[in-house]
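Visitor: Pasting a structure below so you can have a look.
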Amino acid sequence: MTPLFRSFAMFIRQISRDSMLYAVCIAPLFAALFFRFGIPYLEARLCGYFNLPAILAEYYLLFDLFLAILTPFLFCFASSMVILTETDENMSGYLAVTPVGKKGYLVSRLVFPALISLFASVILLSLFSLTLWPLPLMLAVCFLASLFSILVSLLVVSFSHNRVEGMAVSKISGIMMFGLLVPFFIFSDIQYLFSVLPSFWIAKLCYDRDYLSILPALLTSFLWIGILYRRFEKKLT
Amino acid sequence: MRTKALFLGDVRFQIKYGFYYIYLFFSILYIGILFALPPQWRLTAAILMIFSDPAAMGLYFMGAIVLFEKSERVLNSVAISPVKPYEYVLSKLLSIGFISTIVAIAIGVASDVITKPFFFITGVFLCSCLFSAIGLIFACRISSLNQFVIATIPAELIINVPAIAWLFGYQKSWLLFHPGISLIELLRGSSSALPALIILIVWTLFFAVLAEGIVKKMLRSVGGVKL
């Protein structure tokens with residue numbers, strides 16, 4: 001375990017030197033404050049302007065969902081940028097042959113940040129959510145959001161051969177977030193076209209309050225992670 | 001001649017690393033979204049899309065491009081070659097401006113929002129060059145992708161926030177001096193498009209010259225030695 005913590009400490013030192021650590025900590029807090037106080041204010045102004053009873057209020061849950069996903073997503077984004085740099089400079093290959101190992105390398109770069117951000121998400125959501133969240137739902141969503149962020153990072157690092165491709169893939173990986181919007185805007189069965197996206201099941205879990213959605217969310221997440229991990233592992237050899 | 005070769009090299013680089021495929025995908029996606037929106041929203045949505053993505057492409061990718069060139073020692077070769085810093089800057093700006101403009105035209109034509117093609121095309125091209133020049137200024141001074149992402153946040157906020165506020169109705173005339181707002185007026189083909197074009201040219205030239213100075217400094221000190 002010690003090599004993993006050392007590798008994680010190395011990662012933290014690296015992102016704190018780049019100021020990314022502070023950005024990753026501060027940005028979700030700003031977003032939470034904006035969602036909690038800015039969105040209701042905007043809603044009141046919009047409703048007054050358009051003379052409607054509700055405009056954004058129907059989507060408060062969606063804002064909460066974005067808040068739940070934001071911290072792990074940002075933390076894992078910083079991780080993927082570090083992994084891309086380390087892969088370009090052959091550092092990840094060297095680390096993989098130390099006691100850290102291939103799996104350990106990814107655990108220290110992705111799983112540890114995701115775990116930390118899971119706790120941060122729970123705290124942010126319980127303090128700043130716009131809707132009421134039962135604790136089991138909050139924990140489930142934050143856990144799935146962390147898994148989802150690991151998956152997105154793996155997508156970036158496993159499908160790119162260098163930093164430039166990495167930035168290009170990270171642009172496309174934003175599409176994975178689309179699933180969050182689907183249950184809120186597509187009400188017919190067409191929505192199941194997006195069922196390969198874990199984000200779709202996370203949103204469905206919150207929207208329908210159907211705890212059974214946790215199963216497909218876990219299944220799709222682990223499936224993606226498994227496939228992408230194998231791809232990344234090959235890259236390291 | 002050298003600029004042409006550098007330009008072609010940069011275009012080849014962008015093709016090789018998937019810029020063109022990615023933007024083909026994004027163009028189709030954006031056009032699809034535009035058609036899914038009510039027709040009265042289409043113009044505003046198209047402007048927002050063009051402004052925030054193809055036009056701002058340079059600010060997003062420049063860090064990765066320059067860092068990659070640094071790690072592959074491309075800049076070392078450029079530094080000892082007869083290539084002048086302004087040629088290097090020009091090639092970067094033109095090659096990204098080229099793909100940005102193609103994508104913007106595709107989105108604009110498909111969603112039928114182009115009213116004055118001259119202002120539309122020059123607006124996107126100049127704004128793309130401006131964003132790329134700003135990206136280049138930051139990219140020369142950083143050593144990691146995370147540093148670049150953090151460094152560009154203030155620039156993105158300064159350019160994007162007033163422009164989006166303008167798009168949604170906060171329209172004070174003095175704001176026309178803002179480059180992002182100038183682009184919006186050019187894309188709209190409004191009556192103030194001509195002054196907006198002049199303002200955007202001035203901003204782009206200013207940042208291109210600034211970028212050239214910083215690239216010159218960077219090329220003098222690649223590899224840790226002053227050339």
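The values are calculated or read from the model by the stated rules, or taken from the named source; none is laboratory data. None of the values given here were measured: they were computed from a predicted structure. Here the Cβ is made from the backbone with ideal geometry for all residues, glycine too, and neighbour counts use every protein chain on show.
Visitor: Could you tell me whether residue B:124 is surrounded by fewer than 24 Cβ atoms within 10 Å (Cβ to Cβ) and either in a helix (DSSP H, G or I) or hydrophobic (A, V, I, L, M, F, W, C) (or both)?
Guide: Details: surrounded by fewer than 24 Cβ atoms within 10 Å (Cβ to Cβ): no; either in a helix (DSSP H, G or I) or hydrophobic (A, V, I, L, M, F, W, C) (or both): yes.
So residue B:124 does not fit the description; no.
Visitor: Ok, one more. Checking residue B:6 against (1) within 14 Å of chain A (Cβ to nearest Cβ); (2) at pLDDT 90 or above: exactly one of these is not met. Which one?
Guide: (1)
Visitor: What are the residues in region A:20-47 that are under 30 Å from residue A:109 (Cβ atoms), of a type outside the set (A, V, I, L, M, F, W, C) and surrounded by 16 or more Cβ atoms within 10 Å (Cβ to Cβ), if any?
Guide: Correct list: A:28 only.
Visitor: With the checklist (1) in contact with a helix residue (DSSP H, G or I) (Cβ under 6 Å, 6 or more places away or on another chain); (2) in contact (Cβ under 8 Å) with a residue 24 or more places away in the chain; (3) more than 14 Å from every other protein chain (Cβ to nearest Cβ); (4) of a type in the set (Val, Ile, Thr) in hand, flag the one item residue B:122 doesn't pass.
Guide: Among (1) in contact with a helix residue (DSSP H, G or I) (Cβ under 6 Å, 6 or more places away or on another chain); (2) in contact (Cβ under 8 Å) with a residue 24 or more places away in the chain; (3) more than 14 Å from every other protein chain (Cβ to nearest Cβ); (4) of a type in the set (Val, Ile, Thr), the lone unmet condition for residue B:122 is (1).
Visitor: Here's something else I'd like to know. Go through the residues of region B:32-54 one by one and say whether even a single one is out of contact with any Pro (no Cβ under 8 Å at 6 or more places or on another chain), closer than 26 Å to residue A:89 by Cβ and of a type in the set (A, V, I, L, M, F, W, C).
Guide: No, there is no match, as no residue in region B:32-54 is out of contact with any Pro (no Cβ under 8 Å at 6 or more places or on another chain), closer than 26 Å to residue A:89 by Cβ and of a type in the set (A, V, I, L, M, F, W, C).
Visitor: Quick one: residue A:212 ticks every box in (1) away from chain B (no Cβ under 14 Å); (2) within 26 Å of residue A:83 (Cα to Cα); (3) surrounded by fewer than 14 Cβ atoms within 10 Å (Cβ to Cβ) bar one, so which box is it?
Guide: Only one criterion is unmet by residue A:212, namely (2).
Visitor: Additional query: Pairs only if they're at least six apart or on different chains, beta carbon under 8 angstrom, first in region A:31-43 and among the charged types (D, E, K, R), second assigned to a helix (DSSP H, G or I) and modelled with pLDDT under 90; list them, first residue then second.
Guide: These pairs meet every condition: A:43/A:57.
Visitor: For the subset of region A:28-39 comprising residues that are among the hydrophobic types (A, V, I, L, M, F, W, C) and more than 14 Å from chain B (Cβ to nearest Cβ), which member is nearest to residue A:79 (Cα to Cα)? Steps first, answer last, please.
Guide: Kept after step one, since they are among the hydrophobic types (A, V, I, L, M, F, W, C), are these residues of region A:28-39: A:29-35, A:37, A:39.
The next check asks that each one be more than 14 Å from chain B (Cβ to nearest Cβ); those that pass are A:29, A:32-33, A:35, A:37, A:39.
Values: A:29: 19, A:32: 22, A:33: 25, A:35: 25, A:37: 30, A:39: 30 Å.
Only one residue fits best here, namely A:29.
Visitor: Is it fair to say residue A:178 is over 26 Å from residue B:14 (Cα atoms) and either basic (Lys, Arg) or within 13 Å of chain B (Cβ to nearest Cβ) (or both)? Walk me through it before giving the result.
Guide: Details: over 26 Å from residue B:14 (Cα atoms): yes; either basic (Lys, Arg) or within 13 Å of chain B (Cβ to nearest Cβ) (or both): yes.
So residue A:178 fits the description; yes.
Visitor: Sticking with this one: So which helices (runs of 4 or more DSSP H) stay within region A:114-198 end to end and still have 2 or more residues that are under 25 Å from residue B:60 (Cα atoms) and not charged (D, E, K, R)?
Guide: Values: elements: A:135-158, A:163-173, A:182-185.
Correct list: A:135-158, A:163-173.
Visitor: Here is a follow-up. Would you check which residues across region A:49-69 are under 15 Å from residue A:206 (Cβ atoms) and not aromatic (Phe, Trp, Tyr) and list them? First the steps, then the outcome.
Guide: Step one: of region A:49-69, the residues under 15 Å from residue A:206 (Cβ atoms) are A:58-69.
The answer is A:58, A:61, A:62, A:64, A:65, A:67, A:68, A:69.
Visitor: So which of A:47, A:25 ends up being among the hydrophobic types (A, V, I, L, M, F, W, C) and within 14 Å of chain B (Cβ to nearest Cβ)? Before the answer, list the steps.
Guide: Values: A:47 fails: within 14 Å of chain B (Cβ to nearest Cβ).
The conditions single out A:25.
Visitor: Within region A:129-169, restricting attention to residues that are of a type in the set (S, T, N, Q) and more than 14 Å from chain B (Cβ to nearest Cβ), which residue is farthest from the chain's Cα centre (by Cα)? Step through it out loud before you land on a result.
Guide: Step one: of region A:129-169, the residues of a type in the set (S, T, N, Q) are A:129, A:131, A:146, A:149, A:153, A:158, A:160, A:162.
So of that shortlist, the ones also more than 14 Å from chain B (Cβ to nearest Cβ) come out as A:129, A:131, A:146, A:149, A:158.
Values: A:129: 17, A:131: 20, A:146: 5, A:149: 3, A:158: 17 Å.
Looking at the filtered set, the residue picked out is A:131.
Visitor: Which condition breaks for residue A:76 when tested against (1) in a helix (DSSP H, G or I); (2) more than 18 Å from residue A:222 (Cβ to Cβ); (3) touching a residue at least 60 places away in the same chain (Cβ under 8 Å)?
Guide: (2)
Visitor: What is the residue count in region A:138-147 for residues that are closer than 16 Å to residue A:207 by Cβ and either surrounded by 24 or more Cβ atoms within 10 Å (Cβ to Cβ) or of a type in the set (Phe, Trp, Tyr) (or both)? Don't jump to the end; show me each part of the working.
Guide: Quick first cut of region A:138-147, residues closer than 16 Å to residue A:207 by Cβ only: A:138, A:140-141, A:144-145.
Still in the list and also either surrounded by 24 or more Cβ atoms within 10 Å (Cβ to Cβ) or of a type in the set (Phe, Trp, Tyr) (or both): A:141, A:144-145.
Total meeting the criteria: 3.
Visitor: Let me ask another. Considering only region B:138-170, state which residues are outside any helix (DSSP H, G or I), within 14 Å of chain A (Cβ to nearest Cβ) and not aliphatic (A, V, I, L, M).
Guide: Taking region B:138-170 first, the residues outside any helix (DSSP H, G or I) are B:140-144, B:168-170.
Those still in the list that are within 14 Å of chain A (Cβ to nearest Cβ) too: B:141-144, B:168-170.
Passing the criteria: B:141, B:143, B:144, B:168, B:169, B:170.
Visitor: Can you confirm whether residue A:84 is within 14 Å of chain B (Cβ to nearest Cβ) and either out of contact with any Cys (no Cβ under 7 Å at 6 or more places or on another chain) or among the basic types (Lys, Arg) (or both)?
Guide: On the way: within 14 Å of chain B (Cβ to nearest Cβ): yes; either out of contact with any Cys (no Cβ under 7 Å at 6 or more places or on another chain) or among the basic types (Lys, Arg) (or both): yes.
So residue A:84 fits the description; yes.
Visitor: Let me ask something else. So which residues in region A:1-22 are assigned to a helix (DSSP H, G or I), facing chain B (nearest Cβ under 9 Å), of a type outside the set (Phe, Trp, Tyr) and free of Cβ contacts under 8 Å to residues at least 24 places away in the same chain?
Guide: Residue satisfying the conditions is A:17 alone.
Visitor: If the requirement is being touching a helix residue (DSSP H, G or I) at 6+ places or on another chain (Cβ under 7 Å), modelled with pLDDT of 90 or more and under 19 Å from residue A:77 (Cα atoms), which of these qualifies: A:172, A:225, A:214, A:202?
Guide: Working: A:172 fails: modelled with pLDDT of 90 or more; A:214 fails: under 19 Å from residue A:77 (Cα atoms); A:202 fails: under 19 Å from residue A:77 (Cα atoms).
Only one candidate qualifies: A:225.
Visitor: So which residues in region B:171-227 are polar (S, T, N, Q) and part of a helix (DSSP H, G or I)? Spell out how you get there, then give the answer.
Guide: In the first step, residues of region B:171-227 are kept if they are polar (S, T, N, Q); the result is B:171, B:173, B:182, B:190-192, B:204, B:221.
B:173, B:182, B:204 - these are the residues of region B:171-227 that are polar (S, T, N, Q) and part of a helix (DSSP H, G or I).
Visitor: Within region B:37-91, which residues are modelled with pLDDT of 85 or more, closer than 21 Å to residue A:81 by Cβ and touching a Lys or Arg at 6+ places or on another chain (Cβ under 9 Å)?
Guide: Within region B:37-91, B:58, B:60, B:61, B:62, B:63, B:64, B:65, B:66, B:67, B:68 qualify.
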